[in-house]
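The next block holds one structure in the form of C-alpha cells; read it before the comments.
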Amino acid sequence: MVIADENVPKSLVRLLRKLGVEVYTVAELGLSGASDYEILKFANEHSAVVLTMDVRDFVRLHRDGFNETGVIIVRFKSVRRGLYQTAERVRRALEMFERVKGWIYFV
C-alpha cells in the first residue's frame, strides 16, 4: 500500500492506480492536515510506503530513524518532465524495494 502525501499531484495518484498500484491519498485515509510524523507513523503501522514531494521533512524523519517501511520522494522536476515516466519510476521502485524495510528513494 502507498500513502500519497497532500503535496502529490492527483494526476500522479490516478495514473499510479491505472498502473495497478494500491495508492491512497492522506485525505482518503482521514489524515488531512496530519503532520509528516503522523503520516509516517500511520504508514509504519500499516506497512505502507509514503509518496511525497516533501524532501526536507521526510529525509529528516528517515535520518532520525522513524522510517520503518519506505519513502519515495518525487522531485518537482520529475513530474514536470513527464507524469507517465514518473509513475513508472515509482512503480519500479516499489517492486525493487518490496522486501526491504526502512528505505528512501528519490524519483
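Which of the residues belonging to the range 78-107 are assigned to a loop (DSSP other than H, G, I, E, B) and either under 13 Å from the mean Cα position of the chain (by Cα) or closer than 23 Å to Leu40 by Cα (or both)?
Hits for the range 78-107 are Phe97, Glu98, Arg99, Val100, Lys101, Gly102, Val107.
Report yes if Thr52 is free of Cβ contacts under 8 Å to residues at least 40 places away in the same chain, polar (S, T, N, Q), in contact with a helix residue (DSSP H, G or I) (Cβ under 8 Å, 6 or more places away or on another chain) and under 17 Å from Met1 (Cβ atoms), otherwise no.
No.
Would you pick out the residues in the range 15-49 that are assigned to a helix (DSSP H, G or I) and surrounded by 13 or more Cβ atoms within 10 Å (Cβ to Cβ)?
Leu15, Leu16, Arg17, Asp36, Tyr37, Ile39, Leu40, Lys41, Phe42, Ala43, Asn44
Kindly list the number of the only condition in (1) under 19 Å from Lys18 (Cα atoms); (2) outside any helix (DSSP H, G or I); (3) more than 13 Å from the chain's Cα centre (by Cα) that fails for Ile72.
Every listed condition holds for Ile72 apart from (3).
When residues of the range 19-58 are filtered for being in contact with a Ser or Thr (Cβ under 7 Å, 6 or more places away or on another chain) and small (Gly, Ala, Ser), how many remain?
3
What pairs can you find where one residue is in the range 62-83 and touching a residue at least 24 places away in the same chain (Cβ under 8 Å) and farther than 13 Å from Asn7 by Cβ, the other is of a type in the set (Phe, Trp, Tyr) and assigned to a loop (DSSP other than H, G, I, E, B), and their Cβ atoms are less than 6 Å apart, with a gap of 6+ or different chains?
Gly70/Phe97
Every number here is computed from the coordinates shown, using simple stated rules; none is lab data. Note that the structure is predicted; figures quoted are calculated from it, not measured. Positions of Cβ are generated from backbone atoms using ideal geometry, with glycine treated the same way; all protein chains shown enter the neighbour counts.
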